[in-house]
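Notes to accompany the following structure.
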Amino acid sequence: MRCCMDGKQAIGAFAALSQETRLRIVRLLVTAGPEGLPAGAIGEAMGASSSRLSFHLSHLENAGLVESRREGRSIIYSAIYPALSGLVEFLMRDCCQDHPEVCQPAFAALSCCASVESDAHV
């Protein structure tokens, strides 16, 4: 399912990402993949106290960019890929305006994703 983000949702997502620690957390979770990471591992990677980490993760969850699930005694956080894709789509929605060369650098930057997508369809 493809996420179609509206302006209000995009503003909330950008507000959450406008803080350095939260941006680093999202990038870490994207790298971790769909299985996500336990809160302790995120805190260790960020060098943040548990109360500070909880504050940042709460912002990201409220913005719809990450989700949490309980596994035993651990809370696992993972990126919500459709929301992140929706944010990129929101930015690029009206990109070309009949000038595809304008969007070419963005498409080239995402070329790493094309190989992942084609591998998934094998």
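Readers should treat all values here as calculations from the given coordinates under stated rules, not as data from a laboratory. Everything numeric here is computed off the predicted structure, so don't read it as measured data. Cβ placement follows ideal geometry from the backbone for every residue including glycine, while neighbour counts extend to all protein chains displayed.
A few remarks follow.
- Within the stretch 1-92, the trypsin sites (Lys or Arg not before Pro) that combine a DSSP coil assignment with at most 10 other C-beta atoms in a 10 angstrom radius are 2, 73.
- Here the scattering of the chain is modelled by Debye summation over its C-alpha atoms, one equal scatterer each and no solvent; at q = 0.13, 0.15 Å⁻¹ the log10 of I(q)/I(0) is -0.59, -0.77.
- As a proxy for reagent exposure, 92, 46, 5 were ordered by neighbouring Cβ count within 10 angstrom, fewest first; the result is 92, 46, 5.
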